[in-house]
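A.B. asks: Could you have a look at this structure, given as structure tokens, before my questions?
Please treat every number below as a calculation from the coordinates, not as lab data. Owing to the predicted nature of the structure, the values given are computational and were not obtained by experimental measurement. Cβ sites come from the backbone with ideal geometry, for glycine too, and all protein chains shown count toward neighbours.
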Amino acid sequence: MDMNINILAIESSCDETAAAVVRNGREVLSNIISSQIDIHKLYGGVVPEIASRKHIEKINQVIEEALLEAAMTLEDIDAIAVTYGPGLVGALLVGVAEAKAIAYSINKPLIGVHHIEGHICANFIENKQLEPPFVCLIVSGGHTHLVLVKDYGEYEILGRTRDDAAGEAFDKVARAVGLGYPGGPKIEKLAKEGNDRAIDFPRAVIEGAPYDFSFSGLKSSVLNYINLAQMKGLEVNKADIAASFQRAVSDVLIDRALKAVEHYKINKLAIAGGVASNSTICNSLIDVCKQKGIEFYFPSKILCTDNAAMIGAAGYIEYKKGIRHGMDLNAIPNLKLGEK
């Protein structure tokens, strides 16, 4: 019988300081998240310098809480996993420095984890039966990727956004209609009061790149709609704007994902990332996958947003493959999926 592998995972790529203890890649013993949303909403978005300082303040605390909740000490830990990219460089550096210090002090392996790989692996935690190959749609504030998960730790990027990520578009549209930050949850809430067919916003198609995304034109169309109404002195229905915008994003995401599933003849689709917590988009995917007989997987909301449990799940895969990093591990803010 294989020995249990306990991984202490650290995530600090943006504005959540998180630590978790994960056993064998799928069993979460603790998952502590310290969010900075209340601070950054004062500025209408994430301020990198403030995020870095808050990570420094909170990181020891969340690690101590994660170990306490898991009823473990550092001596019980087999490896340290940490997000080293992509993300905000200052924020990443805090987590990487902490992970290196702990790994060095207890003489345990250090494993750098790609943030997007962590989002993909969040699906393994609650969906015990999920195994590669499958298609995964990663949708967050900073990333929109369509990925073919060929095997554990083996990925092929099928498509990505050419400009704004979906979550970024949500934030910008929310700001335009006066909802503030964070935009995703606020757009989703307001959209429930609106008609999602009231305004025909565009769905971009990129010639020669059937799996790529573009949300900049959609965002600009919303802004132009609002500006034109203001110039004419017309009152806009913000709920209809939110609902119609959200539907346009959802239609594009579903279209690309279904094309990939059908083309590669892989009957399994997963979604991950912060926008995956949008119940309207997720429910639309559930419905269409049910109609087409596609197995659909998604994490619970706590595992959609940035968290350390997903980093522990990805770290375990790297650990089993023999991947180790030295004390020269550094933050790479533009790290590409598949780079080690």
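A.B. asks: Can you tell me what share of the DSSP beta bridges in the chain is antiparallel? A percent to the nearest 5 is fine.
C.D. replies: Values: 27 of 44 bridges.
For the chain, the DSSP antiparallel bridge percentage is about 60.
A.B. asks: Which value in Å does the Kirkwood hydrodynamic radius of the stretch 132-298 take, with 1/r averaged over all unlike C-alpha pairs and then inverted? Present the calculation step by step, with values, prior to reporting the outcome.
C.D. replies: Values: mean 1/r = 0.0618 Å⁻¹.
By the Kirkwood definition, the hydrodynamic radius is 16.2 Å.
A.B. asks: Going by average Cβ neighbours within 10 Å, how do the peptides 271-283, 204-216, 302-314 rank, with the highest at the top? Mind dumping the intermediate values first?
C.D. replies: Details: 271-283: 22.9, 204-216: 16.2, 302-314: 28.3.
Going by the mean number of other Cβ atoms within 10 Å, highest first, we get 302-314, 271-283, 204-216.
A.B. asks: What helices in the chain pass both tests, a Cα length along the helix axis of 20 Å or more and a mean Kyte hydropathy of 0.5 or higher, using whole DSSP H runs? Don't jump to the answer; show the numbers that get you there.
C.D. replies: Working: long enough: 48-69 (30 Å, -0.41); 89-106 (26 Å, 1.55); 216-231 (22 Å, 0.33); 238-264 (39 Å, 0.09).
For the chain, where a helix must reach 20 Å along its axis and average at least 0.5, the hits are 89-106.
A.B. asks: State, as an integer percentage, the relative contact order of the stretch 132-298 based on alpha-carbon contacts under 8 Å between residues 6 or more apart.
C.D. replies: 28
A.B. asks: Okay, moving on. Considering the Cα positions of the chain, please state its Rg to one decimal place and its Dmax as a whole number of Å.
C.D. replies: Over the chain's Cα set, Rg and Dmax evaluate to 20.2, 72 Å.
A.B. asks: If you don't mind, there's one more thing I want to ask. For the stretch 135-216, build the charge dipole from Cβ charges (+1 Lys, Arg; -1 Asp, Glu) around the Cα centre, then report which of TYR181, SER140, ALA166 sits farthest towards its positive end.
C.D. replies: Checking the options against the dipole of the stretch 135-216, the answer is TYR181.
A.B. asks: Still on this structure, please answer the following. By DSSP, what percent of the beta bridges with both residues in the stretch 1-147 are antiparallel, rounded to the nearest 5? Provide the component values of the computation, followed by the final result.
C.D. replies: Values: 18 of 27 bridges.
Looking only at bridges with both residues in the stretch 1-147, the antiparallel portion is about 65 percent.
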